[in-house]
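The values are calculated or read from the model by the stated rules, or taken from the named source; none is laboratory data. Computed from a prediction, not measured in an experiment: that's the story for all the values here. FYI the Cβ positions are ideal-geometry reconstructions off the backbone, even for glycines, and counts take in every protein chain you see.
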Amino acid sequence: MAGKELRMEDKKKIGEFTFRDAKIIWRNFEGRATDYNVKGDRNFNIVINPDDVDAMREDGWNVKERPPKREGDDTLYHLKVKVQYDSPYPPNVWLVTSGHKTKLNANNVKLVDTARIKRVDVTIRPYVYPPKPNRPEGGVTAYLKTMYITLQEDILDEMYANIPDTSFVNNSVSDEELPFED
């Protein structure tokens, strides 16, 4: 990336990336404050295949690397992806279970933080930003465009998959309507 300055017109040259059967780490769809995150910033990291690192970096993506923890481990390449609902292009995040899919919104996307994930398919979109003091050549920020998360279901999830869901969404059911007695 050294010596290559990104210009706003380069945005047209940098395309979206789709990752099939991706591995996501450091999930913070809730936007909770941590030692590494400001409250309200929703994000996650996606593990990048070592074969794609050079091409992504050349395009300006901010692919980071984490050295192996133990001898024999591989270097971990990862890219931080922002999840921004208050934008003109909010993400489409879907939970998939037993052939059904449910679209998540800004209020319930935090469920992804604790989900038992079987498979993730993700499309990210680029935002090319101009030079900054800490990055004089500019760069590319990754934003979540689309994500399908297939949940790991256990035997009971599979057994009851065909029964309609009557969840108490938004506390719309009062105590008087509950199907049991005191």
Would you point out the residue of the stretch 84-106, among those that are polar (S, T, N, Q) and at pLDDT 95 or above, that is surrounded by the most Cβ atoms within 10 Å (Cβ to Cβ)?
Gln84
Please go through (1) closer than 16 Å to Thr141 by Cβ; (2) not in a loop (DSSP other than H, G, I, E, B) for Trp26 and return the number of the only condition it doesn't satisfy.
(1)
Residues that are of a type in the set (Asp, Glu): list the strands (runs of 3 or more DSSP E) wholly contained in the stretch 64-162 that include at least 1 such residues.
64-66, 117-129
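This table checks each residue for (1) farther than 22 Å from Val112 by Cβ; (2) of a type in the set (A, V, I, L, M, F, W, C).
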{"site": "Arg20", "(1), (2)": "no, no"}
{"site": "Thr34", "(1), (2)": "no, no"}
{"site": "Asn37", "(1), (2)": "no, no"}
{"site": "Ile48", "(1), (2)": "no, yes"}
{"site": "Pro68", "(1), (2)": "yes, no"}
Among the candidates Pro88, Pro133, Pro67, which residue alone is under 21 Å from Gly40 (Cβ atoms), free of Cβ contacts under 8 Å to residues at least 24 places away in the same chain and over 15 Å from the mean Cα position of the chain (by Cα)?
Pro88
